[in-house]
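Encoded as structure tokens, the structure appears first; notes follow it.
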């Protein structure tokens, strides 16, 4: 019997007893109905008259236009916040494995690229992450070049990791009853518990109509009690995410560990529909809580009513990261193999400002990071929130540049000049004939407020024929994302080239993630045919 059939039978039995099931009216596509946001009374409806919404897809994605080329003379600086999220890749994988092409809004280039680990130099003692710059010819646009900015954060072993104060906030509403939702949440939580140190603490808060504490903050020494609490989790009811968020942060604050890891881990499909429901109210709530140095990790689950746009914003404003868990293997990747990067932040409010030399670069385009782009004057505004980077994380960003002297016809789509004269900035490299660009990085320590800043240069002396497998593999991932988005900037990129380039540059591939990407690219090629 399907989940929808069970729900209809339950509704009918309650109706026979004269009970009101109005609290089910807002559950969504797993067996409820919405009618202008007004709850429908199920007690007067037989199973035959209940609306069949089992196959209704109400997934929500932000439609963010892709970055365009910018003329260097008009705007020589480009500023953005880093992003370590990987949810887009896993979500796109889920859709392709279901023989569905993803909607454009589900494909975020930077999250596809950052799903994979790359070999960048180890950080020095001065800064918590290193910066590696490379340049090569652009494979999909003759005459253009690609510049890669690669960051690598200092890794941290379990004995080195500070004690953790974790609060799991679990959505146990009716929309979470499917096998790829709450059962997968429970499996993922058990994986995490097995990785905790004896001094780490974990609490469990649930929400569905009302929030409640399933497990008070408990040390990992009492693993049986934690596992028992996880086993008892069950789905049912409507979703009041705001109440749960407040309760989870209150517990995290009560057990706050100075110089430790203090984090709320939200597990949900994002279908907040009772209590604080507007995206702006939820974002404001999370933003206020983030000021207390309690960070947020958002783990997305399921399909059908998945609310990607909301969860991405919550993670961004909560000084945290966002991953999508579609399989037990992905849960293991996020919560076991990359646990340090998921939990332990080594730098926060990390910003990148690239200054291009107009003598050498006529135009540039940032590939991805559309919702992380910042105004140039925000780079040194330390009140402005930016991205966080976790222990062992690698972060990669690409610019497609048009060398000076190239015809405009080869880059047909440009941004308009700045609207206000005050936005015009003269390049700091105007009289420099050797520096192609400089990369300026600004960040704060995890619990500090004083920012540090340093710079790296990319000169004309960099060899363009010495790029590594990582560079070439990442460009195949970028091209895949552009083809999935049907980008106007994809140029000559095609599926055969994506598959071939990814296969040839898979490298060691210890976990098999790159081989899996090759199969996904083949699936996308077949679906596009």
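The values are calculated or read from the model by the stated rules, or taken from the named source; none is laboratory data. All values reported here derive from a predicted model rather than from experimental measurement. Please note: Cβ atoms are built from the backbone with ideal geometry, for glycine as well, and neighbour counts cover all protein chains shown.
Would you be able to say whether some residue in region 126-135 is touching a helix residue (DSSP H, G or I) at 6+ places or on another chain (Cβ under 7 Å), more than 27 Å from residue 405 (Cβ to Cβ) and outside any helix (DSSP H, G or I)?
no
Does residue 64 count as over 23 Å from residue 327 (Cβ atoms), under 23 Å from the mean Cα position of the chain (by Cα) and in a loop (DSSP other than H, G, I, E, B)?
So residue 64 passes the test.
Residue 448 versus (1) exposed (fewer than 15 other Cβ atoms within 10 Å of the Cβ); (2) in contact (Cβ under 8 Å) with a residue 12 or more places away in the chain; (3) under 30 Å from residue 262 (Cβ atoms): which is the lone unmet condition?
Of (1) exposed (fewer than 15 other Cβ atoms within 10 Å of the Cβ); (2) in contact (Cβ under 8 Å) with a residue 12 or more places away in the chain; (3) under 30 Å from residue 262 (Cβ atoms), only one is false for residue 448: (2).
Please indicate, with yes or no, whether at least one residue in region 455-464 is crowded, with 18+ Cβ neighbours inside 10 Å and out of contact with any strand residue (DSSP E or B) (no Cβ under 6 Å at 6 or more places or on another chain).
Checked region 455-464: no residue is crowded, with 18+ Cβ neighbours inside 10 Å and out of contact with any strand residue (DSSP E or B) (no Cβ under 6 Å at 6 or more places or on another chain).
Residue-wise test of (1) in contact (Cβ under 8 Å) with a residue 24 or more places away in the chain; (2) surrounded by fewer than 18 Cβ atoms within 10 Å (Cβ to Cβ); (3) farther than 21 Å from residue 341 by Cα.
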{"position": "146", "(1), (2), (3)": "yes, no, yes"}
{"position": "153", "(1), (2), (3)": "yes, no, no"}
{"position": "165", "(1), (2), (3)": "yes, no, no"}
{"position": "168", "(1), (2), (3)": "yes, no, no"}
{"position": "171", "(1), (2), (3)": "yes, no, yes"}
{"position": "178", "(1), (2), (3)": "yes, no, yes"}
{"position": "181", "(1), (2), (3)": "yes, no, yes"}
{"position": "197", "(1), (2), (3)": "yes, yes, no"}
{"position": "203", "(1), (2), (3)": "yes, no, no"}
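What are the residues in region 92-108 that are over 16 Å from the mean Cα position of the chain (by Cα) and more than 23 Å from residue 67 (Cβ to Cβ), if any?
Within region 92-108, 95, 96, 97, 98, 99, 100 meet the criteria.
Please specify each residue of region 209-244 satisfying the condition of being out of contact with any strand residue (DSSP E or B) (no Cβ under 9 Å at 6 or more places or on another chain) and either outside any loop (DSSP other than H, G, I, E, B) or buried (at least 20 other Cβ atoms within 10 Å of the Cβ) (or both).
Answer for region 209-244, where residues must be out of contact with any strand residue (DSSP E or B) (no Cβ under 9 Å at 6 or more places or on another chain) and either outside any loop (DSSP other than H, G, I, E, B) or buried (at least 20 other Cβ atoms within 10 Å of the Cβ) (or both): 210, 221, 222, 223, 224, 227, 231.
One line per residue, one yes/no per condition, for (1) at pLDDT 95 or above; (2) within 26 Å of the chain's Cα centre (by Cα); (3) assigned to a strand (DSSP E or B); (4) not assigned by TED's automatic domain parsing to the domain that holds residue 319:
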| residue | (1), (2), (3), (4) |
| --- | --- |
| 365 | yes, yes, yes, yes |
| 384 | no, yes, no, yes |
| 388 | no, yes, yes, yes |
| 395 | yes, yes, yes, yes |
| 399 | yes, yes, yes, yes |
| 405 | no, no, no, yes |
| 409 | no, no, no, yes |
| 412 | no, no, no, yes |
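Taking residue 470, is it out of contact with any strand residue (DSSP E or B) (no Cβ under 7 Å at 6 or more places or on another chain), surrounded by fewer than 14 Cβ atoms within 10 Å (Cβ to Cβ) and closer than 22 Å to residue 137 by Cβ?
In short, no.
Kindly check whether there is at least one residue in region 475-497 that is closer than 27 Å to residue 385 by Cβ, part of a helix (DSSP H, G or I) and touching a residue at least 40 places away in the same chain (Cβ under 8 Å).
yes
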